[in-house]
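Peer 1: First the structure, then my questions, so here it is.
The values are calculated or read from the model by the stated rules, or taken from the named source; none is laboratory data. Note that the structure is a prediction, hence the values are computed from the model and not measured. Virtual Cβ from ideal backbone geometry, glycine too; neighbours counted across all protein chains shown.
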Amino acid sequence: MRYLSTRAAASDASGRKRFCEILLEGLAPDGGLYLPEQYPQVDDFTLASWRSLSYADLAFEILSLYIDDVPDADLKAICHKTYTPEVFGTPEIVPLRPLEAGLQLEALSNGPTLAFKDMAMQLLGNLFEYELARRGEELNILGATSGDTGSAAEYAMRGKKGVRVFMTSPNGRMSPFQQAQMFSLQDENIHNIAVDGVFDDCQDIVKAVSNDLEFKRKYRIGTVNSINWARLMAQVVYYFAGYIQATKSNAEKVSFTVPSGNFGNVCAGHVARMMGLPIAQLVVATNENDVLDEFFRTGVYRVRASADTHETSSPSMDISKASNFERFVFDLLGRDGDKVRALFHDQLGKSGQFDLSDVPAFKSARATYGFVSGKSTHANRLATIRDTYGRFGTMIDTHTADGVKVAREHLQPGIPMIVLETALPIKFAATIEEALGRLPDRPARFEGIEALPKRVQVMPPDAVLIKRYIADNVH
């Protein structure tokens with residue numbers, strides 16, 4: 001299995017790489033994102049044979065289709081080390097919970113940091129440690145987080161040999177619980193950088209540093225954001241797991257609704273569907289920062305400036321520049337890297353938007369790729385949290401509420417709808433209290449976390465200063 005950049009010229013085979021090369025790299029040297037040369041196809045017999053597997057064994061079967069430069073025994077051991085009931089709370093790892101007729105929640109938030117990012121990040125931490133030990137190398141991870149990626153990465157990498165984490169986040173724009181999860185860590189290999197700006201400023205810094213190839217190579221810079229293919233690949237597994245739990249035979253279809261800001265979570269669903277998983281619809285649920293909803297409705301992809309990015313009660317989706325979206329556009333445009341580069345590097349850089357409404361592939365995108373979308377506001381969020389708790393006794397977080405609200409608009413008779421739960425309610429306690437008049441339950445291990453000493457550096461949104469900070473803290 002070889003990987004290519006979304007901006008690679010079709011005639012250029014020299015940039016094709018193996019999995020372990022891109023695992024530690026993040027962005028491609030040309031600024032694009034890596035994807036496999038083709039998606040492995042899962043036939044009916046294979047899918048049926050996977051129905052009896054544990055989550056760890058299912059993960060191995062799927063990951064082994066994409067990874068052929070790690071011995072099978074080692075990869076299987078990594079999967080079994082990662083996906084355990086002790087770490088994720090249940091034998092199913094991602095159990096389905098029925099909510100109402102035709103609608104279920106897939107619980108992805110039972111890991112160490114109570115958010116779906118743990119599903120991939122725990123695997124990534126073990127893969128990094130394995131590959132770095134095999135090479136006798138070190139890696140400095142530079143990341144950007146709007147709330148959940150940062151803590152999931154830090155908890156997965158803390159204490160890992162050969163790994164340091166430099167995590168940028170928008171100063172003051174995460175929930176107090178999210179900030180405390182990250183900033184209270186005292187491990188020497190964890191560095192928190194609060195950037196005076198919004199998430200997109202943090203993401204731009206990560207990309208700017210990654211595009212400085214000399215600095216990137218000198219300081220061994222890698223990434224754990226969803227621009228890293230390994231993370232997205234790990235997320236593909238829970239689409240298969242959800243489908244298997246929701247159906248009795250492969251003749252059935254399901255739909256998934258995914259709260260989405262950076263397009264990584266739902267892009268994994270796109271990959272699963274391209275592999276042959278019988279998915280009817282992939283429903284993209286946005287908050288007030290509705291860049292993705294606008295695109296799927298109109299064909300116009302229009303990023304917002306920092307000043308126009310709303311601060312909402314589902315803050316992990318306060319994103320106006322969906323970095324993973326480039327992977328889908330690459331497939332949409334027939335995997336034409338030249339066209340993708342023209343759109344994302346040239347046109348987006350100059351005008352801040354592009355329009356695919358007249359492209360035939362976009363007009364058939366719903367039928368070909370299953371994408372539909374919708375938007376949820378703060379008022380919708382509160383109403384959905386109240387309704388879901390009042391009718392079913394189930395408390396959901398603000399992002400999952402966005403998903404449930406939009407999912408209800410796209411239900412189809414006879415096709416189960418699975419909403420991906422993205423976090424536990426405690427991570428957004430203030431809004432839950434506003435909706436329900438009570439605070440959500442807090443796991444005992446997180447009691448008093450907001451009062452713990454904080455270890456964080458506040459900095460302006462300046463890639464040069466961030467690079468200097470990294471250089472000063474790499475020993």
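Peer 1: Residues being surrounded by fewer than 19 Cβ atoms within 10 Å (Cβ to Cβ), farther than 17 Å from A423 by Cβ and of a type in the set (D, E, K, R): count how many of those fall in the stretch 74-130.
Peer 2: Summing the residues that are surrounded by fewer than 19 Cβ atoms within 10 Å (Cβ to Cβ), farther than 17 Å from A423 by Cβ and of a type in the set (D, E, K, R) in the stretch 74-130 gives 6.
Peer 1: In the stretch 227-244, what residues are surrounded by 24 or more Cβ atoms within 10 Å (Cβ to Cβ) and not aliphatic (A, V, I, L, M)?
Peer 2: N228, R231, Q235, Y238, Y239, G242, Y243
Peer 1: Let me ask something else about it. Would you confirm whether any residue within the stretch 194-214 is assigned to a strand (DSSP E or B) and either surrounded by fewer than 23 Cβ atoms within 10 Å (Cβ to Cβ) or out of contact with any strand residue (DSSP E or B) (no Cβ under 8 Å at 6 or more places or on another chain) (or both)?
Peer 2: yes
Peer 1: List, please: which pairs have Cβ atoms under 6 Å, are six or more places apart or on different chains, and start with a residue in the stretch 264-285 that is at positive phi and end with one that is at pLDDT 95 or above and not charged (D, E, K, R)?
Peer 2: Close Cβ pairs satisfying both conditions: G276/Q41; G276/V42.
Peer 1: Tell me which helices (runs of 4 or more DSSP H) are completely within the stretch 332-402 and hold 2 or more residues being under 24 Å from the mean Cα position of the chain (by Cα) and not acidic (D, E), or say none if there are none.
Peer 2: Hits in the stretch 332-402: 337-341, 348-351, 365-369, 378-392.
Here's the yes/no breakdown for (1) touching a helix residue (DSSP H, G or I) at 6+ places or on another chain (Cβ under 8 Å); (2) in a strand (DSSP E or B); (3) within 22 Å of G111 (Cα to Cα):
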site: E409; (1), (2), (3): no, no, no
site: I418; (1), (2), (3): yes, yes, yes
site: I426; (1), (2), (3): yes, no, yes
site: A429; (1), (2), (3): yes, no, yes
site: A435; (1), (2), (3): yes, no, no
site: P440; (1), (2), (3): yes, no, yes
site: R445; (1), (2), (3): no, no, yes
site: E450; (1), (2), (3): yes, no, yes
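Peer 1: Continuing with this model, one more query. Residues that are at pLDDT 95 or above, at least 3 per element: which helices (runs of 4 or more DSSP H) completely within the stretch 18-115 meet that?
Peer 2: The helices (runs of 4 or more DSSP H) meeting that bar are 44-49, 55-63, 72-82, 85-88.
Peer 1: Please go through the stretch 400-422 and give me each residue that is crowded, with 19+ Cβ neighbours inside 10 Å and either in contact with a Lys or Arg (Cβ under 9 Å, 6 or more places away or on another chain) or modelled with pLDDT under 95 (or both), ordered by number.
Peer 2: Of everything in the stretch 400-422, those that are crowded, with 19+ Cβ neighbours inside 10 Å and either in contact with a Lys or Arg (Cβ under 9 Å, 6 or more places away or on another chain) or modelled with pLDDT under 95 (or both) turn out to be A401, D402, K405, V406, P416, M417, E421, T422.
Peer 1: Given (1) in contact with a Lys or Arg (Cβ under 6 Å, 6 or more places away or on another chain); (2) in contact (Cβ under 8 Å) with a residue 40 or more places away in the chain; (3) among the charged types (D, E, K, R), identify the lone condition not met by R220.
Peer 2: For R220, the exception is condition (1).
Peer 1: Let me ask something else about it. Could you list, in sequence order, the residues of the stretch 30-73 that are surrounded by 14 or more Cβ atoms within 10 Å (Cβ to Cβ), more than 30 Å from D338 (Cβ to Cβ) and either in contact (Cβ under 8 Å) with a residue 60 or more places away in the chain or of a type in the set (D, E) (or both)?
Peer 2: V42, L47, W50, R51, Y55, D57, L58, A59, E61, I62, L63, V70
Peer 1: Ok, one more. With respect to R18, determine if the residue is surrounded by fewer than 18 Cβ atoms within 10 Å (Cβ to Cβ), out of contact with any Leu (no Cβ under 7 Å at 6 or more places or on another chain) and basic (K, R).
Peer 2: Yes: the conditions hold for R18.
Peer 1: Another question, if that's okay. Among the small types (G, A, S), in contact with a Leu (Cβ under 7 Å, 6 or more places away or on another chain) and either within 25 Å of A194 (Cα to Cα) or in a loop (DSSP other than H, G, I, E, B) (or both): does that describe A156?
Peer 2: Details: among the small types (G, A, S): yes; in contact with a Leu (Cβ under 7 Å, 6 or more places away or on another chain): yes; either within 25 Å of A194 (Cα to Cα) or in a loop (DSSP other than H, G, I, E, B) (or both): yes.
Criteria met by A156.
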